[in-house]
Amino acid sequence: MKTLFVHAHYDDYEFTAAGTFELLRSSLNEQFQSKVIICTDGEAGHHFRTREETGRIRFEEQRRSAQIGGYCFELLRLPDGRVPREACLRVTPEFLAALWKAIRDFEPDYLFCPPLPADPLAGVHVDHLAVAQAVREVAYMINVPHAFTPEYPADETVSKPCKVPVIIAVYDGYMFGGNTHDIAIDVEPAFEKITQMTWCHQSQIMEWLPWVGRHRMETPRNIDDWCATLRRRFDRKNRELGIDSPHAFEVFTVTAWGEIPQYSQIERDFAVGLDRAASHLDQLRDRLARWHGPD
Ligand SMILES: [Zn+2]
């Protein structure tokens, strides 16, 4: 199984999907391949470090997390080589072209990305919203070989088909109250690993997140402190999503943006950790059957 995680910022992966990827990796071993792509330079989110310093530190933090999590990660580069600026990501032809190239190069079975809010009252983070919208807009173009040959020249007389992934939206803490889910994965067995990976993001959890105040958190004094804070975050998310369990969960919603999977495929591929009581499997089964239409 090949999974690609595309999101806006350093640390978005660890807070939304790292546990599930970890479970898949331990159950599939070398049959599992994953990549994390971050779409902004990460230079905006700090209060006493310069933009340049922040970007450099964040990159290093993600690199350490990737070593612990055993995934490869890269920054998304626009066709001219620049990494998009944090805090002002927009859906542009250049951003779509870069995403298209990155997805086609990896050819994942599953692509994970941020969700689009269904409710206009839901809050958003501009960069999360732009990634979600861009993935949705580029999805049909994944198997259109000449869509971005002006940016990435190729022999336009020879084309081979490109696999279109199933596109799955993750939870988004910035649209608090606007989240929904189809499947809930019990990632408790990966909780310690998630703690270690998130702990790598020191400039976020020790400095920025407590300062910006959006996440209702105290500055942790050490990793045990952070472990307790992380547990409270998972508990709060469970309450928001109506999941009655002391375990840590990650939740996902299947979109029709890319390949539409069969229900049995989702059930089989995410069997590891799939919690039936905490998921909305009937709703997913009905929706996928409706999207497939009658045989
Ligand atoms: Zn983010």
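Taking only Cα atoms and a 10 Å spring cutoff, compute GNM fluctuations for the chain and point out the largest among R285, R77, R90.
Judging by the Gaussian network model, the answer is R285.
Within the chain, which DSSP H helices have Cα atoms that stretch 30 Å or more along the helix axis and a mean Kyte-Doolittle hydropathy of at least 1.6?
Span-like helices, by this rule, are absent here.
Work out from phi, with θ = phi - 60° and the Karplus expression 6.51 cos²θ - 1.76 cosθ + 1.60, the ³J(HN,Hα) of each residue of the stretch 178-190, listed in order in whole Hz, and give x for Gly and Pro.
Running phi through 6.51 cos²θ - 1.76 cosθ + 1.60 with θ = phi - 60° gives x, 8, 9, 7, 9, 10, 10, 9, 7, 9, 3, x, 9 Hz.
Compute the length gained on full extension between T157 and H47: take 0.36 nm times their separation in residues and subtract their Cα-Cα distance, giving the result in nm to one decimal.
Taking T157 through H47 to full extension adds about 34.4 nm, to one decimal.
Mind jotting down the distance between the C-alpha centroids of the stretch 63-80 and the stretch 250-295, whole Å?
Measuring centre to centre over Cα atoms gives 28 Å.
With both bridge residues required to lie in the chain, what share of the DSSP beta bridges run antiparallel, to the nearest 5%?
Given both bridge residues lie in the chain, the antiparallel proportion sits at roughly 30 percent.
Considering every pair of different Cα atoms, what Kirkwood radius, in Å, is found for the stretch 1-93?
One decimal place: 14.1 Å for the Kirkwood radius.
How much length is gained if the chain between L75 and Q33 is pulled fully straight, taking 0.36 nm per residue apart and subtracting their Cα-Cα distance, in nm to one decimal?
Extra length available between L75 and Q33 comes to 13.4 nm.
If C88, C200 are ordered by their accessible area, calculated over protein heavy atoms with a 1.4 Å probe, which sequence runs from highest to lowest?
Correct descending sequence by accessible area is C88, C200.
Which whole-number value in Å² is the accessible area per residue of the stretch 1-89, probe 1.4 Å?
40
By how many nm would the segment from M1 to R231 grow when fully extended, if each residue of separation counts as 0.36 nm and the alpha-carbon distance is taken off?
Value of the extension gain: 79.9 nm.
For the chain, what are the per-bin percents of Cα-Cα distances with bins 5 Å wide, up to the bin holding the maximum?
The distribution over the chain is 1, 5, 12, 16, 19, 18, 14, 9, 4, 2, 1, 0, given as percents.
With the chain treated as a Gaussian network of Cα nodes joined by springs under 10 Å, which of P161, P79, P261 yields the largest mean-square fluctuation?
Evaluated over the chain, the most mobile residue of the options is P161.
Shape call for the stretch 221-267 from the C-alpha gyration tensor, a ≥ b ≥ c root eigenvalues: rounded (a/c under 1.5), prolate (a/b greater than b/c) or oblate?
Cα axes put the stretch 221-267 in the prolate bin.
Just check the stretch 1-155 against the gyration tensor rule for me: Cα atoms, a ≥ b ≥ c as the square roots of the eigenvalues, rounded for a/c under 1.5, and otherwise prolate or oblate depending on whether a/b exceeds b/c.
Because its axes are fairly even, with a/c under 1.5, the stretch 1-155 counts as rounded.
Measure off, as a whole percent, the carbon and sulfur share of the 1.4 Å-probe accessible area of the chain, all protein chains present.
51
GNM, the chain, Cα, under 10 Å: largest mean-square fluctuation among I57, I168, I142?
I57
Please report the accessible area of L274 (heavy atoms, 1.4 Å probe, ligands and nucleic acids excluded) in Å², nearest 10.
Spelled out: L274, probe radius 1.4 Å, area about 30 Å².
Calculate for the chain the 222 nm mean residue ellipticity that helices alone would give, adding -39,500 (n - 2.57) per DSSP H run of length 4 or more and normalising by residue count, nearest 500 deg cm²/dmol.
Rounded to the nearest 500, it is -12000 deg cm²/dmol.
The values are calculated or read from the model by the stated rules, or taken from the named source; none is laboratory data. The model shown is predicted, which means the values in this text are computed figures rather than measured ones. Just the protein is used for accessible areas: all its heavy atoms, side chains included, with ligands, DNA and RNA removed. Shrake-Rupley method; radii C 1.70, N 1.55, O 1.52, S 1.80 Å.
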